[in-house]
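J.: Got a structure for you, written out below as structure tokens; questions coming shortly.
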Amino acid sequence: MGAEVIHWPVQAIRAAVAASLPGFTVEVLPEIDSTNTELMRRARAGQMAPVLLVAEQQTAGRGRLGRQWQSQVGASLTFSLGLPLAPPDWSGLSLAVGVSVAESLHPDVRLKWPNDLWLSDARGERKLAGILIETASFGELRYAVIGVGLNIRSRDALGLSTPPAWLQELLPGVDAPQALARVVAPLVQTLRAFEALGFAPFQARFNARDVLRDREVSVSDGQGGETRGSAHGVSETGALLVHTKAGMQPIISSEVSVRPLH
Ligand code: BTN
């Protein structure tokens, strides 16, 4: 039996985005190691025009903190948006991207600092999507690659640190192309707004979906260090505000991981 043919809304996405991102192209690959890795390779080779790269399968998908991102054909949406970006302040970019993707998908999608999309329901708290942002400077230009991995339908949870949720739980019957069509144009608008205004317009929108808010959390630095406290939303620059024994601490490092204690 041949592989399932997936119909991607390439023309519709290109048409929706072209006006705000001149030169924008959309490309779908059946397989690649990682869409983030590929766009960074292309940028190093001088290809820095705005592009959406979708992979039906990744063989070496990457997550934050050096983790792997596993996906199965048809069960996940994996894509990266690469573009030159010039915000005056980069703080909070990954949070703004999370806000945009969550708002495009469903009112019940929650955010877990810094950039995970979670579902929180009777089945517990589970990860729906992850975001990996990488940037590189080439002379005056800074190129950003915004990678999103979104679970679409139920998959096996082997080897995952957080149990998975999937979009079809909220939107029965939705498929990866439909999910892509929902998120890309608003994401481009978000990046334009972030370039002009920074994280401030996204602060309240993040806090409205913040899964950690008013909860006891543990903050790990990945080297055995742990701080405990209660989470109080994010600041106007996107720092997670954790009230510890030493007072209110803004957590800014992308190297830390935070988990709710109860
Ligand atoms: C995380 O949860 O730590 C982030 C996961 C990001 C996964 C996406 S899938 C598309 C893009 N390509 C990658 O290799 N990673 C991102």
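J.: Pairs only if they're at least six apart or on different chains, beta carbon under 6 angstrom, first in the range 53-73 and modelled with pLDDT of 90 or more, second among the acidic types (Asp, Glu) and near the ligand (Cβ under 9 Å from one of its atoms); list them, first residue then second.
T.: Thr59/Asp33; Ala60/Asp33
J.: Let me ask something else about it. Going through the range 39-51 one residue at a time, which ones are within 11 Å of the ligand (Cβ to nearest atom) and surrounded by 20 or more Cβ atoms within 10 Å (Cβ to Cβ)? Let's see the steps before the verdict.
T.: If we filter the range 39-51 for residues that are within 11 Å of the ligand (Cβ to nearest atom), which is where we start, we get 39-40.
Hit for the range 39-51 is Leu39, nothing else.
J.: Right, another one. Counting just the residues of the range 52-68 that are buried (at least 18 other Cβ atoms within 10 Å of the Cβ) and hydrophobic (A, V, I, L, M, F, W, C), which one comes out nearest to the ligand (Cβ to nearest atom)?
T.: So the residue we want is Ala55.
J.: Does Ser71 count as within 15 Å of the ligand (Cβ to nearest atom), part of a loop (DSSP other than H, G, I, E, B), surrounded by 19 or more Cβ atoms within 10 Å (Cβ to Cβ) and among the small types (Gly, Ala, Ser)? It would help to see each step written out before you state the result.
T.: On the way: within 15 Å of the ligand (Cβ to nearest atom): yes; part of a loop (DSSP other than H, G, I, E, B): yes; surrounded by 19 or more Cβ atoms within 10 Å (Cβ to Cβ): yes; among the small types (Gly, Ala, Ser): yes.
When the stated conditions are applied, Ser71 passes them.
J.: Go through the range 212-254 and report how many residues are assigned to a loop (DSSP other than H, G, I, E, B), within 20 Å of Arg64 (Cβ to Cβ) and out of contact with any helix residue (DSSP H, G or I) (no Cβ under 9 Å at 6 or more places or on another chain).
T.: Residues in the range 212-254 being assigned to a loop (DSSP other than H, G, I, E, B), within 20 Å of Arg64 (Cβ to Cβ) and out of contact with any helix residue (DSSP H, G or I) (no Cβ under 9 Å at 6 or more places or on another chain): 8 in total.
J.: Could you say which residue among Glu31, Glu27, Glu38, Glu4 is outside the structural domain of Gly149 (by TED's automatic domain parsing) and not hydroxyl-bearing (Ser, Thr, Tyr)? First the steps, then the outcome.
T.: Numbers: Glu31 fails: outside the structural domain of Gly149 (by TED's automatic domain parsing); Glu27 fails: outside the structural domain of Gly149 (by TED's automatic domain parsing); Glu38 fails: outside the structural domain of Gly149 (by TED's automatic domain parsing).
Just a single option satisfies the conditions, and that option is Glu4.
J.: Return the residues of the range 2-38 that are surrounded by 14 or more Cβ atoms within 10 Å (Cβ to Cβ) and either of a type in the set (Asp, Glu) or in a strand (DSSP E or B) (or both); say none if nothing qualifies.
T.: Thr25, Val26, Glu27, Val28, Ile32, Asp33, Glu38
J.: Of Leu95, Leu81, which residue is more than 11 Å from the ligand (Cβ to nearest atom), assigned by TED's automatic domain parsing to the domain that holds Gly147, within 26 Å of Leu111 (Cβ to Cβ) and touching a Leu at 6+ places or on another chain (Cβ under 8 Å)?
T.: Details: Leu81 fails: more than 11 Å from the ligand (Cβ to nearest atom).
Leu95 is the lone residue from the list that is more than 11 Å from the ligand (Cβ to nearest atom), assigned by TED's automatic domain parsing to the domain that holds Gly147, within 26 Å of Leu111 (Cβ to Cβ) and touching a Leu at 6+ places or on another chain (Cβ under 8 Å).
J.: While we're looking at this one, here's another question. Can you go through Leu141, Leu128, Leu119, Leu111 and tell me which one is within 12 Å of the ligand (Cβ to nearest atom), in the same structural domain as Ser91 (by TED's automatic domain parsing) and in contact with a strand residue (DSSP E or B) (Cβ under 9 Å, 6 or more places away or on another chain)?
T.: Numbers: Leu141 fails: within 12 Å of the ligand (Cβ to nearest atom); Leu119 fails: within 12 Å of the ligand (Cβ to nearest atom); Leu111 fails: within 12 Å of the ligand (Cβ to nearest atom).
Of Leu141, Leu128, Leu119, Leu111, the one residue that is within 12 Å of the ligand (Cβ to nearest atom), in the same structural domain as Ser91 (by TED's automatic domain parsing) and in contact with a strand residue (DSSP E or B) (Cβ under 9 Å, 6 or more places away or on another chain) is Leu128.
J.: Does the range 102-130 hold any residues that are assigned to a strand (DSSP E or B) and buried (at least 18 other Cβ atoms within 10 Å of the Cβ), and which are they?
T.: Just the residues of the range 102-130 that are assigned to a strand (DSSP E or B), to begin with: 110-112, 116-121, 124-130.
Within the range 102-130, Arg110, Leu111, Lys112, Asp116, Leu117, Trp118, Leu119, Arg126, Lys127, Leu128, Ala129, Gly130 qualify.
J.: Can I ask one more? For the range 21-30, state whether one or more residues are closer than 21 Å to Ile152 by Cβ and in contact (Cβ under 8 Å) with a residue 40 or more places away in the chain. First the steps, then the outcome.
T.: The initial filter retains those residues of the range 21-30 that are closer than 21 Å to Ile152 by Cβ, namely 26-30.
If we keep only those that are in contact (Cβ under 8 Å) with a residue 40 or more places away in the chain as well, we get none.
So far as the range 21-30 goes, no, none of its residues is closer than 21 Å to Ile152 by Cβ and in contact (Cβ under 8 Å) with a residue 40 or more places away in the chain.
J.: Take Ser120 and decide whether it is closer than 23 Å to Leu240 by Cα and in contact (Cβ under 8 Å) with a residue 40 or more places away in the chain. Write out each step before concluding.
T.: Working: closer than 23 Å to Leu240 by Cα: yes; in contact (Cβ under 8 Å) with a residue 40 or more places away in the chain: yes.
So Ser120 passes the test.
J.: May I ask you to verify whether Val148 is more than 15 Å from the ligand (Cβ to nearest atom) and either in a strand (DSSP E or B) or of a type in the set (Val, Ile, Thr) (or both)? Don't jump to the end; show me each part of the working.
T.: On the way: more than 15 Å from the ligand (Cβ to nearest atom): no; either in a strand (DSSP E or B) or of a type in the set (Val, Ile, Thr) (or both): yes.
Judged against the criteria, Val148 is not a match.
J.: Hey, among the residues in the range 1-38 that are among the charged types (D, E, K, R) and away from the ligand (no atom under 16 Å from the Cβ), which one's nearest to Arg192 (Cα to Cα)?
T.: Of everything passing the filter in the range 1-38, Arg14 is nearest to Arg192 (Cα to Cα).
J.: Mind checking which residues of the range 85-101 are touching a Gly at 6+ places or on another chain (Cβ under 9 Å), assigned to a helix (DSSP H, G or I) and surrounded by 24 or more Cβ atoms within 10 Å (Cβ to Cβ)?
T.: Within the range 85-101, Leu93, Leu95, Ala96 meet the criteria.
The values are calculated or read from the model by the stated rules, or taken from the named source; none is laboratory data. Model, not experiment: these values are computed from the prediction. Ideal geometry is used to build each Cβ from the backbone, glycine not excepted, and the neighbour counts take in all protein chains shown.
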